[in-house]
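Structure first, commentary second.
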Amino acid sequence: MSDTQTRCGVVAVLGAPNAGKSTLVNQLVGQKVAITSAKAQTTRARMMGIALHTSDDAETQMILVDTPGIFAPKRRLDRAMVSAAWEGAEAADAVLLLVDPVKQRRHELEPLLEQVAQRPERKILVLNKVDVAKKEPLLALAQELGEKVEFETVYFVSALTGDGVPEMKQALAGMMPEGPWMYPEDQVSDASERLLATEITREQLYQQLHEELPYDSAVRPEK
């Protein structure tokens, strides 16, 4: 660390299930810290990623709260996950709403928009999958959502390829307040090695046994 000004803040990453939140967090951090899967509700914990951004005048640390997908809860487990998601958004310096324009999942997106609109934090709309979405519907969707929520800005990105992510990351860094870093420079997550191993194992189970595996699975590492 040099004598350059330091910034540190929390960014809550919100969105409907399977919008690409974990993939985006991994892109912002620059390495894998959150597991991804085609199955909804893969993200169970408030797994954090820690992203760094350096500019000419500041070195910024962003604590990314990768929340479970927010949706209409039915089971007790689902309700607990939604509760954890909103806890992750508390005391955030910015709220990032990620939307999949291809599978819009309106029944899950609309209630989320209503709740995000009431929050006091600076809000950013991120439309994902620009690598596969058509331009005209994408712009129309951005305008429609912007009329429902007062977003500070809109970004068009591909969490998968990284397209548009550096520009968004730079803007996020500029929103973070001045202050000392909360974590060491080389730390990329608040998870222990055991938890990361558990999550990566669970990810592989979902990928390799997609047809056979039920949604609820638990992994217990022994060594």
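Please specify each residue of the stretch 97-139 satisfying the condition of being polar (S, T, N, Q) and in contact with a strand residue (DSSP E or B) (Cβ under 6 Å, 6 or more places away or on another chain). Talk me through it step by step, then tell me what you get.
In the first step, residues of the stretch 97-139 are kept if they are polar (S, T, N, Q); the result is 104, 115, 118, 128.
Scanning the stretch 97-139 gives a single hit, Asn128.
Residues in the stretch 141-167 that are open to solvent by less than 60 Å² (accessible area, probe 1.4 Å) and either among the aliphatic types (A, V, I, L, M) or on the phi > 0 side of the Ramachandran plot (or both): Leu141, Ala142, Leu145, Val149, Val154, Val157, Ala159, Gly162, Gly164, Val165. Within the stretch 95-137, the set of residues being open to solvent by 20 Å² or more (accessible area, probe 1.4 Å) and of a type in the set (Val, Ile, Thr) comprises Val102, Val130, Val132. Apart from one condition, Val188 fits all of (1) modelled with pLDDT under 95; (2) within 19 Å of the chain's Cα centre (by Cα); (3) under 18 Å from Arg105 (Cα atoms); the exception is (3).
Here Thr60 fulfils each of the conditions (1) over 24 Å from Leu127 (Cβ atoms); (2) at pLDDT 90 or above; (3) of a type in the set (S, T, N, Q) apart from (1).
The values are calculated or read from the model by the stated rules, or taken from the named source; none is laboratory data. Please read these numbers as outputs of a predicted model, since none were measured by experiment. Ideal geometry is used to build each Cβ from the backbone, glycine not excepted, and the neighbour counts take in all protein chains shown. Areas reflect the complete protein model, heavy atoms only, side chains present, ligands, DNA and RNA absent. Shrake-Rupley method; radii C 1.70, N 1.55, O 1.52, S 1.80 Å.
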